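J.: Please find one structure pasted underneath; my questions will follow.
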Amino acid sequence: MKRWLRENDLFAVLISLPAIVWLAVFFVVPGYVLLAIAFGTVDPIFRAPLPAWNPLDWTPGSFSFVFTHLWGGPDAFLGPAVLRTVGYIAVAVSLCLLIAYPVAYFVARHAGRWRGPILALLVAPFWISYLMRLLAWVNLLQTDGLANRALSLGGLLPVQVDWLAGRASTVVLGLVYGYVPYLILPLYAALDRIDPSLIEAARDLGAGRVEVFRRVILPMSRPGIAAGLILITLPMTGDYFTNDLLSGSPRTSMVGNLINEAISTPGQAGQAGALVSLLVLGLLLPMLLYVRSTLREHPVRS
């Protein structure tokens with residue numbers, strides 16, 4: 001028995017070794033490079049970053065700049081962008097959930113033989129670059145685009161909205177459009193795994209449709225909801241394409257736009273690294289909460 005356990009442990013290690021090497025090469029190493037740049041200095045002549053590879057040589061200058069420009073002063077331009085990012089993501093994630101859950105529920109429970117074609121249509125946007133899809137929305141939202149034509153009923157009404165003039169609603173709707181497919185698929189997987197006999201048993205016990213949904217379907221789909229929300233929240237936090245293409249205004253700048261601007265500006269690579277490091281630390285909290293809840297519901301068997 002002990003020999004069998006040792007052989008299985010060795011097999012598990014060998015199976016996970018490629019993933020461990022992958023994470024070490026493409027996550028740990030770039031992460032350390034990021035910290036070396038964030039805690040490094042800047043060349044005084046060429047304004048290029050000088051990474052500090054030795055942790056003993058790290059200096060907190062870039063992090064001090066970030067903290068001093070968050071709140072409380074005339075140059076505090078980072079704080080409003082952080083609050084704006086949190087607000088945009090909260091609204092966009094809520095709208096994504098309101099859109100994705102009914103669609104996933106319909107496909108999982110009622111689509112029948114149309115399930116395959118509907119899933120193919122849901123996956124179809126992944127075949128096209130996100131940048132190209134946003135460029136198509138730029139054409140739709142121009143002053144003479146299809147959006148204004150539809151609102152004005154083909155020119156009968158004097159309606160002409162400047163959607164691309166730094167409107168927060170346009171940025172939020174762009175985030176919803178870009179990331180809602182990533183939420184539909186995990187929700188569909190979670191809803192599709194629910195045993196129909198559980199729903200039938202609830203109905204046999206006298207539960208109505210609302211009670212069945214509240215007591216059976218919704219609780220059993222919560223892992224899929226949590227996984228999907230994390231899946232779309234993480235890339236939304238660092239998104240900068242959406243705001244650049246659909247707004248381009250400092251009034252709607254998000255954290256990703258500040259990081260992109262800092263990277264593009266000579267001498268500010270360290271500040272960009274500090275922003276990314278703090279952003280990663282902030283995103284670790286929901287990830288840890290998700291892992292904790294997953295382990296609580298599905299404990300690891302020794």
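J.: Below 8 Å between Cα atoms, with a sequence gap of 6+, how large is the relative contact order for the chain in percent?
T.: RCO, the chain: 24 percent.
J.: While we're here: Sort the following peptides by mean Cβ neighbour count (other Cβ atoms within 10 Å, averaged over residues), highest first: 28-36, 192-200, 247-255.
T.: So the peptides 28-36, 192-200, 247-255, ranked by packing, come out 247-255, 28-36, 192-200.
J.: Right, here's the next one. Would you list 261, 211 from fewest to most Cβ contacts within 10 Å? Intermediate results must be reported in sequence, preceding the final value.
T.: Values: 261 16, 211 13.
In increasing order of surrounding Cβ atoms, one gets 211, 261.
J.: Next up: Along region 227-234, what does the Karplus equation 6.51 cos²θ - 1.76 cosθ + 1.60 (θ = phi - 60°) give for ³J(HN,Hα), rounded to whole Hz, x for Gly and Pro?
T.: 4, x, 5, 5, 4, 9, 5, 4
J.: Would you mind checking region 94-128 for residues with the amide N under 16 Å from a putative spin-label position 7 Å along Cα→C-beta of residue 136?
T.: The answer is 120-128.
J.: From the residues 219, 67, 40, which one has its Cα farthest along the dipole of the chain in the positive direction, the dipole being from +1 and -1 charges on Cβ of Lys/Arg and Asp/Glu about the Cα centre?
T.: 219
J.: Which of rounded, prolate or oblate describes region 133-268 when judged by the alpha-carbon gyration tensor and an a/c cut-off of 1.5?
T.: oblate
J.: Positive end of the charge dipole of region 76-264 (Lys, Arg +1 and Asp, Glu -1 on Cβ, about the Cα centre): tell me which of 228, 166, 102 has its Cα farthest that way.
T.: Towards the positive end, the residue furthest out is 102.
J.: Between residue 261 and residue 231, what length in nm is gained on full extension when 0.36 nm per residue of separation is reduced by their alpha carbon distance?
T.: 8.3 nm
J.: Here is a further query. Please work out the C-alpha center-to-center distance from region 188-252 to region 117-170 and express it in whole Å.
T.: Here the answer is 25 Å between Cα centres.
J.: May I ask for the net charge around residue 109, where only other residues with Cβ less than 11 Å from the Cβ of residue 109 are counted and Lys, Arg are +1 while Asp, Glu are -1?
T.: Overall, the nearby charge balance is 0.
J.: Using the number of other C-beta atoms within 10 angstrom as an exposure proxy, rank 69, 110 with the fewest first.
T.: On the way: 69 16, 110 9.
Ranked by crowding around the Cβ, least crowded first: 110, 69.
J.: Relative to the present Cα-Cα distance, how much length would full extension add between residue 106 and residue 15 at 0.36 nm per residue of separation?
T.: Residue separation times 0.36 nm, minus the Cα-Cα distance, leaves 29.0 nm.
J.: Taking the Cβ of each residue in 132, 287 as the centre, tally the other Cβ atoms inside 10 Å and list the residues starting with the fewest.
T.: Ordered by Cβ neighbours within 10 Å, fewest first: 132, 287.
J.: In addition: Residue-wise, which Karplus ³J(HN,Hα) couplings in Hz belong to region 46-57, taking 6.51 cos²θ - 1.76 cosθ + 1.60, θ = phi - 60°, and x for glycine or proline?
T.: 8, 6, 8, x, 10, x, 9, 6, 8, x, 5, 9
J.: Considering only 180, 145, 131, whose Cα is most displaced toward the positive end of the charge dipole of region 76-264, charges sitting on Cβ of Lys, Arg (+1) and Asp, Glu (-1)?
T.: 180
J.: What does the charge dipole of region 76-264 about its Cα centre add up to, to the nearest 20 debye, if the Cβ of each Lys and Arg holds +1 and the Cβ of each Asp and Glu holds -1?
T.: About 380 debye.
J.: With mean projected area of the Cα convex hull in nm² in mind, check (1) 18.8; (2) 25.0; (3) 15.2 and report the label derived from this structure.
T.: The value computed from this structure is option (2).
J.: When ranked by the protection proxy of mean other Cβ atoms within 10 Å per residue, highest first, what sequence do the peptides 79-87, 265-273 form?
T.: Ranked by mean Cβ neighbours within 10 Å, highest first: 265-273, 79-87.
J.: So what are the ³J(HN,Hα) numbers for region 80-89, from phi and the Karplus equation (6.51, -1.76, 1.60; θ = phi - 60°), rounded to whole Hz, Gly and Pro as x?
T.: x, 5, 5, 4, 5, 4, 4, x, 4, 5
J.: Amide H neighbours of residue 41 under 5 Å, counting only residues 5+ apart in sequence or on other chains, H built in-plane at 1.01 Å?
T.: When sequence neighbours closer than 5 places are left aside, the close amide H contacts are 50, 52.
J.: What number comes out for the charge environment of residue 257, summing +1 per Lys or Arg and -1 per Asp or Glu over other residues with Cβ under 13 Å away?
T.: Around residue 257, the surrounding residues sum to -1.
No value in this document is a laboratory result; all are computed from the given coordinates. This structure is a prediction, so every number in the text was calculated from the model and none was measured. We place every Cβ from the backbone using ideal geometry, glycine too, and count neighbours over all the protein chains shown.
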